[in-house]
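Peer 1: I'd like to ask some things about the structure below.
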Amino acid sequence: MRPVTISEQTYRDKVYGCWLGKNIGGTVGAPYECRKEVLELTFYDPVPAEPLPNDDLDLQLVWLKMLQERGIYPTVSDFADYWVKHLGPYPWNEYGFCRKNLNRGLRPPISGCYDNYYIDEMGSPIRSEIWACVAAGDPGLAAQLAWTDAVLDHAGGEGVYGEMFWAALQAAAFVIPDVETLIGIGLSMIPIHSRIWRVIRDAVWCSNNGVEWAEARERVLRDFGHHNPCHAPQNHGFTIIGWLYGEDFGDKLCKAVNCGYDTDCTGATLGATLGIIGGTAGIPDDWRKPVGEGIVLHKFTEDLDAPADVTALTDQTVEIGLRMLAERSDISEIGEADEAPADVLDLLFDNTRALAALSQDPQSTIETVEGYDIALHYGGEPVLRPGIAKTVGVSVRKDGHPIQAQAALSGPDGWSITAAGEMLGQQRFTLRAESVADNNTVTASVTVDGRQLSAEYLMLGPGAAPGFPCGVNVERCPKCHARIESCICGK
């Protein structure tokens, strides 16, 4: 099987176009974020002197730093560590609940869904570009990396599917430009039952069947709409509508943003996608000049030595991408000239890695020990209630694939833990206790490939799990509006 070859010149140019397009689209949409009415933009309004700060980019700058410092095989624990280190003040929606769960000791993927009403929102789909760029030409690898990222704060939700969709599509855009083929590649990585899959299919249908822009927007709202402006399905529909209905770079951005709702995200994602497809030459000068090359961090991004401009960001992204493709991809490489084999679509549509990622349990915590991913499957909420038996599971993966292992489970004094057979590739254990503290440590000991490994997990008691009202954010500082525990007023 011959790989896809992308010349280093093409690769670098498309990465640059990606980040520049991200800045442009986010800046176009940012002033109108969360407005639900139809807008009438034809250009920046107001015209900026620099790019506006946007978490859409900042979180990816943190992941770039993580890849530089932790290497090109990031684990869900790596993401958790860097969230705590650099993103603590972010209070909004899924961000706030991710950090709330990390603070009490819950790790991904369960950190992304427990008590988190916002798992179907846009916080992870907006982080796709880093995975597309470092896995250029390998959509399956990009989708796999996107899953590892997205479950941090969206486990089990539409946000995971959205990030996987865009990461795969954008990775393929380094190789082919055809819009509907790229959309098909992205959709091949996510479940057909998801609302993301269905809204995108409907937006494409509207475009192909002569439905006017305004009616297509109304169809999205009628059939997939949500009162929360950051809900992912409706905003994915708007992004696709802008892409398919727009006439050129600027018109596509404006048509997406003019749909309203999460406008900085729809604009930024589409801008990045167009930047990859067309490279630097595909972004008109009149759209480039107002934002320039600068990178402006959001005030909630902490202690991050970020690249100063798009050129530096491109250089650092390419450096990681060269390593990633050389070590982790078997279908894409960086070479001297652009070259695609005859079976290039077979390679780009291969969703093996995406399916392997999706097969992992969102109701679990994964700890990586000596290269082995040891998961504790909670079988629901991570809570043991006094006098009520709870059955959990332990499984082990290596390089994304399940492997055989012998497991034992232990807990606090006074707990009864008995083996309960095997199911779904897990060794099962039944837990029971008459008294359960708020915070408890459960230890999994596994024998695998002749090694003795162990990992610790949090099990809550009912006193630490009172619930949280849907649609309400974590508490924030009334002055700086950061998450109250990470107030930045004194910085």
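The values are calculated or read from the model by the stated rules, or taken from the named source; none is laboratory data. Quick caveat: nothing in here was measured; it's all calculated off a predicted structure. Glycine also receives a Cβ, built like all others from the backbone with ideal geometry; neighbour counts cover every protein chain displayed.
Peer 1: In region 165-201, how many residues are closer than 18 Å to V4 by Cα, crowded, with 24+ Cβ neighbours inside 10 Å and of a type in the set (A, V, I, L, M)?
Peer 2: Looking only at that region, the number is 9.
Peer 1: Tell me the residue from E381, E422, E434 that is free of Cβ contacts under 8 Å to residues at least 40 places away in the same chain, over 30 Å from A168 (Cβ atoms) and of a type outside the set (A, V, I, L, M, F, W, C), please. Talk me through it step by step, then tell me what you get.
Peer 2: Working: E381 fails: free of Cβ contacts under 8 Å to residues at least 40 places away in the same chain; E434 fails: free of Cβ contacts under 8 Å to residues at least 40 places away in the same chain.
Result of the check over E381, E422, E434: E422.
Peer 1: Anything in region 429-480 that is among the charged types (D, E, K, R), within 28 Å of the chain's Cα centre (by Cα) and closer than 26 Å to Y118 by Cα? List them, or say none.
Peer 2: Within region 429-480, E475, R476 qualify.
Peer 1: What number of residues within region 242-298 are of a type in the set (F, W, Y) and surrounded by fewer than 24 Cβ atoms within 10 Å (Cβ to Cβ)? Outline the logic, then answer.
Peer 2: Start the filter on region 242-298 by keeping residues that are of a type in the set (F, W, Y), which leaves 243, 245, 249, 261, 287.
Next, from what is left, pick out any that are surrounded by fewer than 24 Cβ atoms within 10 Å (Cβ to Cβ): 245, 249, 287.
Counting residues in region 242-298 that are of a type in the set (F, W, Y) and surrounded by fewer than 24 Cβ atoms within 10 Å (Cβ to Cβ) gives 3.
Peer 1: Out of I334, I374, I need the residue that is assigned by TED's automatic domain parsing to the domain that holds T443, surrounded by 18 or more Cβ atoms within 10 Å (Cβ to Cβ) and among the β-branched types (V, I, T). Which one? Break it down into steps so the answer makes sense when it comes.
Peer 2: Details: I334 fails: assigned by TED's automatic domain parsing to the domain that holds T443.
Answer to the selection: I374.
Peer 1: Using the structure shown, decide if G162 is out of contact with any Asp or Glu (no Cβ under 6 Å at 6 or more places or on another chain) and surrounded by fewer than 24 Cβ atoms within 10 Å (Cβ to Cβ).
Peer 2: no
Peer 1: Among the candidates A375, A356, single out the residue that is within 21 Å of K398 (Cβ to Cβ) and in contact with a His (Cβ under 8 Å, 6 or more places away or on another chain).
Peer 2: The match here is A356.
Peer 1: Okay, next question. Of (1) in contact with a helix residue (DSSP H, G or I) (Cβ under 7 Å, 6 or more places away or on another chain); (2) on the phi > 0 side of the Ramachandran plot; (3) surrounded by fewer than 24 Cβ atoms within 10 Å (Cβ to Cβ); (4) small (G, A, S), G137 satisfies all except one. Which?
Peer 2: G137 satisfies all of (1) in contact with a helix residue (DSSP H, G or I) (Cβ under 7 Å, 6 or more places away or on another chain); (2) on the phi > 0 side of the Ramachandran plot; (3) surrounded by fewer than 24 Cβ atoms within 10 Å (Cβ to Cβ); (4) small (G, A, S) except (3).
Peer 1: Quick one: which residue in D449, D438 is of a type in the set (D, E) and in contact with a helix residue (DSSP H, G or I) (Cβ under 7 Å, 6 or more places away or on another chain)?
Peer 2: D438
Peer 1: So which residues in region 433-454 are hydrophobic (A, V, I, L, M, F, W, C) and surrounded by 18 or more Cβ atoms within 10 Å (Cβ to Cβ)? Outline the logic, then answer.
Peer 2: Within region 433-454, the subset hydrophobic (A, V, I, L, M, F, W, C) is 433, 436-437, 442, 444, 446, 448, 453.
Selection gives A433, V436, V442, A444, V446, V448, L453.
Peer 1: Can you tell me which residues in region 70-113 are touching a residue at least 40 places away in the same chain (Cβ under 8 Å) and over 17 Å from the mean Cα position of the chain (by Cα)?
Peer 2: Here is the first cut: in region 70-113, the residues touching a residue at least 40 places away in the same chain (Cβ under 8 Å) are 72-77, 79-80, 83, 85-100, 103-113.
Selection gives K85, G88, P89, P91, K100, N103, R104, G105, L106.
Peer 1: Can you tell me which residue in region 362-371 is surrounded by the fewest Cβ atoms within 10 Å (Cβ to Cβ), limited to those that are touching a helix residue (DSSP H, G or I) at 6+ places or on another chain (Cβ under 9 Å) and within 17 Å of F79 (Cβ to Cβ)? Before you say what the answer is, go through the steps one by one.
Peer 2: Narrowing region 362-371 to residues touching a helix residue (DSSP H, G or I) at 6+ places or on another chain (Cβ under 9 Å): 362-368.
Going one step further and asking which of them are within 17 Å of F79 (Cβ to Cβ), we end up with 362, 364-368.
Details: P362: 20, S364: 27, T365: 27, I366: 24, E367: 20, T368: 16.
For region 362-371, the residue satisfying everything is T368.
Peer 1: Related question: Of all residues in region 465-485 being surrounded by fewer than 18 Cβ atoms within 10 Å (Cβ to Cβ) and small (G, A, S), which is modelled with the highest pLDDT?
Peer 2: A465
Peer 1: If we only count helices (runs of 4 or more DSSP H) wholly inside region 237-288, which ones have 1 or more residues that are over 14 Å from Y44 (Cβ atoms)?
Peer 2: Because the criterion is at least 1 residues that are over 14 Å from Y44 (Cβ atoms), the helices (runs of 4 or more DSSP H) in region 237-288 that meet it are 249-257, 263-278.
Peer 1: Condition first: touching a residue at least 12 places away in the same chain (Cβ under 8 Å), of a type in the set (S, T, Y) and surrounded by 16 or more Cβ atoms within 10 Å (Cβ to Cβ). Can you find one or more residues in region 393-400 that meet it?
Peer 2: Yes, region 393-400 contains at least one residue that is touching a residue at least 12 places away in the same chain (Cβ under 8 Å), of a type in the set (S, T, Y) and surrounded by 16 or more Cβ atoms within 10 Å (Cβ to Cβ).
Peer 1: So, in region 417-428, exactly how many residues are over 32 Å from the mean Cα position of the chain (by Cα) and surrounded by 12 or more Cβ atoms within 10 Å (Cβ to Cβ)?
Peer 2: Matching residues across region 417-428 total 4.
Peer 1: Among (1) in contact (Cβ under 8 Å) with a residue 60 or more places away in the chain; (2) surrounded by 17 or more Cβ atoms within 10 Å (Cβ to Cβ); (3) closer than 14 Å to K390 by Cα; (4) not aliphatic (A, V, I, L, M), which single condition is Y457 missing?
Peer 2: For Y457, the exception is condition (3).
Peer 1: Against the condition part of a helix (DSSP H, G or I), within 16 Å of I277 (Cα to Cα), out of contact with any strand residue (DSSP E or B) (no Cβ under 8 Å at 6 or more places or on another chain) and assigned by TED's automatic domain parsing to the domain that holds N258, how does G29 come out, does it pass?
Peer 2: no
Peer 1: Take region 192-235 and flag every residue that is assigned to a helix (DSSP H, G or I) and aliphatic (A, V, I, L, M).
Peer 2: Residues satisfying the conditions are I196, V199, I200, A203, V204, A214, A216, V220, L221, A232.
For (1) at pLDDT 95 or above; (2) over 27 Å from L182 (Cβ atoms); (3) of a type in the set (A, V, I, L, M, F, W, C), each residue gets a yes or a no:
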| residue | (1), (2), (3) |
| --- | --- |
| G292 | yes, yes, no |
| I295 | yes, no, yes |
| E319 | yes, no, no |
| S329 | yes, no, no |
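Peer 1: From the set of residues in region 37-69 that are touching a residue at least 12 places away in the same chain (Cβ under 8 Å) and among the charged types (D, E, K, R), which is surrounded by the fewest Cβ atoms within 10 Å (Cβ to Cβ)?
Peer 2: Per the stated criteria, the residue is E40.
Peer 1: Here is a further query. For I119, all conditions in the list (1) part of a helix (DSSP H, G or I); (2) closer than 26 Å to I374 by Cβ; (3) touching a residue at least 40 places away in the same chain (Cβ under 8 Å); (4) of a type in the set (A, V, I, L, M, F, W, C) hold save one; what is the number of the exception?
Peer 2: Here I119 clears every test but (1).
Peer 1: Another one. Identify, by number, the condition in (1) farther than 27 Å from D178 by Cβ; (2) hydrophobic (A, V, I, L, M, F, W, C); (3) touching a residue at least 24 places away in the same chain (Cβ under 8 Å) that A312 doesn't meet.
Peer 2: (3)
Peer 1: If the requirement is being free of Cβ contacts under 8 Å to residues at least 40 places away in the same chain, small (G, A, S) and under 30 Å from V344 (Cβ atoms), which of these qualifies: A167, A143, A172, A132?
Peer 2: Details: A143 fails: free of Cβ contacts under 8 Å to residues at least 40 places away in the same chain; A172 fails: free of Cβ contacts under 8 Å to residues at least 40 places away in the same chain; A132 fails: free of Cβ contacts under 8 Å to residues at least 40 places away in the same chain.
Every option except A167 fails the conditions.
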